[in-house]
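Just below is one structure, and these are the notes that go with it.
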Amino acid sequence: MIAKTYLHALALSSCLLAAPAFAQGVNLYTTREPALLNPVLEAFTKDTGIKVNAVFLKDGLQERIRAEGANSPADVMLMVDVGEINAAVDAGITQPIKSAVVDKTVPAQLRPDNNWVTLTKRARVVVVSKERVKQDAITYEDLADPKWKGKFCIRAGQHPYNNALFAAYLAHHGAEKTETWLKAVRANAARKPGGGDRDVARDIQSGLCDIAIINTYYIGLMSQAKNEQKGWFDAIQPLKTTFAGGGTHVNVSAAALAKNAPNKDNAVKLVEYMLGDKAQALYANGNFEFPVNPAVTDSAAVKLLGAVNPDKLPLSEVAKQRKAAANLVDKVGFDN
Ligand SMILES: [Fe+2]
């Protein structure tokens, strides 16, 4: 999720020469929000005695670490979205994590070559009008069904969340079928693709659309809202959403070890801590995400939405198709 305000723990100018200021503890660079991370970081410090220096960035994390070069104080990066994470790996600013805890806790599909490690999963699912649509499951493929004509709502096709979903579709079905599907899905749209994920729930409540796509954590956040969003939540019904013969599309939040981490041992300790029962519950429940640790079964997301069965397609395969998916979105005029 995108927050309106971010803290900058230190000024860029000091950071460029700042390795000594960070000599102790562990230095974390993240695009996640302070309110979500701070409870986990405080627990880590309390349990291990290791101080965390957190740099909260709205964006430009990768560019900043690249600019800092060999003297970068960054030890750990915490990011969202497989595209962003792979871009960091491709930029050469990460190093593989060697950790028995990581290997034991995280399925191999969710930590490609240990260049990054999934911490939580976020599913992208279909929701429908509770009142007007009576079904409890759907495939992504079925979104092309003309029965949804004029009833489908979605944010921009070029948004990273949809780009990842479309890239997964492409990895499953190839370019020709994906183009046909995208055209048909766009033809079903009730309005121009745009806005945010929560807006599609608003548009279901208002009657503008009957069916839409949304990330699961927004459903959870709306369920707890004290404003009009609670009404949006009450208007929608999440469907069990899968690829035909496959699983649900998930994206991830993940940790990566910085290539020049000056506090590497502490960095690995932080990543291992974040995979433990206590941290997984704190971190995942804070944003209704699904814990990656299979031992943590009692999560807020599972209670609200049931367990998610992630698609078996490796996320590294999905990432490879992102550019092609973006090109297809332009080709069919999805966002026009
Ligand atoms: Fe989000």
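Any residue in the range 113-123 that is assigned to a helix (DSSP H, G or I), surrounded by fewer than 23 Cβ atoms within 10 Å (Cβ to Cβ) and either out of contact with any Ser or Thr (no Cβ under 8 Å at 6 or more places or on another chain) or polar (S, T, N, Q) (or both)?
Yes, there is a match, as at least one residue in the range 113-123 is assigned to a helix (DSSP H, G or I), surrounded by fewer than 23 Cβ atoms within 10 Å (Cβ to Cβ) and either out of contact with any Ser or Thr (no Cβ under 8 Å at 6 or more places or on another chain) or polar (S, T, N, Q) (or both).
Would you mind finding the one in 205, 224 that is within 16 Å of the ligand (Cβ to nearest atom) and open to solvent by 40 Å² or more (accessible area, probe 1.4 Å)?
Answer to the check: 224.
Looking at the range 286-298, is at least one residue of a type in the set (Asp, Glu) and within 16 Å of the ligand (Cβ to nearest atom)?
Yes.
List every residue pair whose Cβ atoms sit under 6 Å apart, with the two residues 6 or more apart in sequence or on different chains, where the first one lies in the range 45-60 and is in contact (Cβ under 8 Å) with a residue 60 or more places away in the chain and the second, anywhere, is assigned to a helix (DSSP H, G or I) and open to solvent by 80 Å² or more (accessible area, probe 1.4 Å).
The qualifying pairs do not exist here.
Only residues that are modelled with pLDDT of 95 or more and hydrophobic (A, V, I, L, M, F, W, C): list them for the range 1-36, please.
26, 28
Filter the range 174-192 for residues that are farther than 12 Å from residue 151 by Cα and touching a residue at least 12 places away in the same chain (Cβ under 8 Å) and give the result.
Once the filter is applied, which keeps residues that are farther than 12 Å from residue 151 by Cα and touching a residue at least 12 places away in the same chain (Cβ under 8 Å), the range 174-192 yields 175, 178, 179, 180, 181, 182, 183, 184.
I'd like to know if the range 76-86 contains one or more residues that are in contact with a Phe, Trp or Tyr (Cβ under 7 Å, 6 or more places away or on another chain) and modelled with pLDDT under 95.
Yes, the conditions are met somewhere in the range 76-86.
Within the group 191, 132, 111, 155, which residue is at pLDDT 95 or above and closer than 28 Å to residue 314 by Cα? Please lay out each step first, then the result.
Working: 191 fails: closer than 28 Å to residue 314 by Cα; 132 fails: closer than 28 Å to residue 314 by Cα; 111 fails: at pLDDT 95 or above.
Every option except 155 fails the conditions.
Kindly provide the set of residues from the range 269-294 that are among the hydrophobic types (A, V, I, L, M, F, W, C) and open to solvent by 50 Å² or more (accessible area, probe 1.4 Å), ordered by number.
282
The values are calculated or read from the model by the stated rules, or taken from the named source; none is laboratory data. Here the structure is a predicted model, which is why all the values come from computation and not from measurement. With ideal geometry, Cβ positions are generated from the backbone for all residues, glycine too; neighbour counts draw on all protein chains shown. Calculation scope for accessible area: heavy atoms of the full protein, side chains included, ligands and nucleic acids excluded. Shrake-Rupley method; radii C 1.70, N 1.55, O 1.52, S 1.80 Å.
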